[in-house]
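Engineer: Structure in structure tokens, see below.
The values are calculated or read from the model by the stated rules, or taken from the named source; none is laboratory data. All figures in this text were calculated on a predicted structure; none of them were measured in a lab. Glycine also receives a Cβ, built like all others from the backbone with ideal geometry; neighbour counts cover every protein chain displayed.
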Amino acid sequence: MVSTSGGFTAQAFYQYLKEEKRLMGTRCRACGNLAAQARPMCPACHSTDIEWHQFSGKGRLSTFTCISIVPVYMAAQGYGRDNPYCTGIVTLEEGPRISALILGVDGNNPQSIKAGMDLVLDLEEMDPEHPCPTFRPA
Ligand SMILES: [Zn+2]
């Protein structure tokens with residue numbers, strides 16, 4: 001179990017992702033505003049009456065970039081100039097947007113990747129040393 005006694009922190013967000021394979025954000029109890037990150041204060045009404053909210057993991061690709069100059073830990077997974085990886089902004093079905101790694105698409109063929117395509121959260125292949133929200137085509 002993730003201990004959330006430390007509050008609504010990025011550390012807790014990544015612990016949920018890594019240890020429980022859950023995409024958690026925060027929900028404002030005062031106005032219902034959802035954030036796909038750990039926000040201790042509501043950006044809409046500034047309430048601090050916040051609770052954790054688990055997202056379904058369904059979303060759509062909004063924008064994306066294919067990256068061929070890769071960090072060392074991504075190179076270790078076989079990515080690089082000949083095999084770019086894709087990152088993007090995913091709009092979750094609940095509304096918030098989140099920056100994510102997109103797997104299962106062809107980074108060498110960006111025309112094949114379509115904004116608006118349905119995605120699902122898939123944390124099975126996530127690097128535990130570098131956890132990040134990871135999606136693949138639904
Ligand atoms: Zn609020």
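Engineer: Specify the residue that is nearest to the ligand (Cβ to nearest atom); the eligible residues are those in the stretch 61-74 that are surrounded by fewer than 17 Cβ atoms within 10 Å (Cβ to Cβ) and touching a residue at least 12 places away in the same chain (Cβ under 8 Å).
Structural biologist: Of the stretch 61-74, the ones surrounded by fewer than 17 Cβ atoms within 10 Å (Cβ to Cβ) are 62-63, 65, 67-69, 71-73.
Narrowing the set further to residues that are touching a residue at least 12 places away in the same chain (Cβ under 8 Å) leaves 62-63, 65, 67-69, 73.
Details: SER62: 23, THR63: 27, THR65: 31, ILE67: 35, SER68: 41, ILE69: 40, TYR73: 37 Å.
Ranking the qualifying residues of the stretch 61-74, first place goes to SER62.
Engineer: Quickly run through the stretch 32-43 and pick out the residues that are exposed (fewer than 13 other Cβ atoms within 10 Å of the Cβ) and near the ligand (Cβ under 10 Å from one of its atoms). Outline the logic, then answer.
Structural biologist: Our first condition is that a residue be exposed (fewer than 13 other Cβ atoms within 10 Å of the Cβ); within the stretch 32-43, this holds for 32, 40, 43.
Within the stretch 32-43, GLY32, PRO43 qualify.
Engineer: Taking VAL72 and the conditions (1) modelled with pLDDT under 95; (2) under 16 Å from LYS21 (Cα atoms); (3) not charged (D, E, K, R), which numbered condition does it fall short on, given that it satisfies the others?
Structural biologist: It is condition (2) that VAL72 fails.
Engineer: Among (1) in a strand (DSSP E or B); (2) over 18 Å from PRO137 (Cβ atoms), there is one condition CYS86 misses while meeting the rest; what is its number?
Structural biologist: Condition not satisfied by CYS86: (2).
Engineer: Let me confirm something: among ASP49, ASP106, which residue is among the charged types (D, E, K, R) and farther than 22 Å from GLN11 by Cβ? Explain how you work it out, then say what you get.
Structural biologist: Working: ASP49 fails: farther than 22 Å from GLN11 by Cβ.
Of the residues listed, the single one that is among the charged types (D, E, K, R) and farther than 22 Å from GLN11 by Cβ is ASP106.
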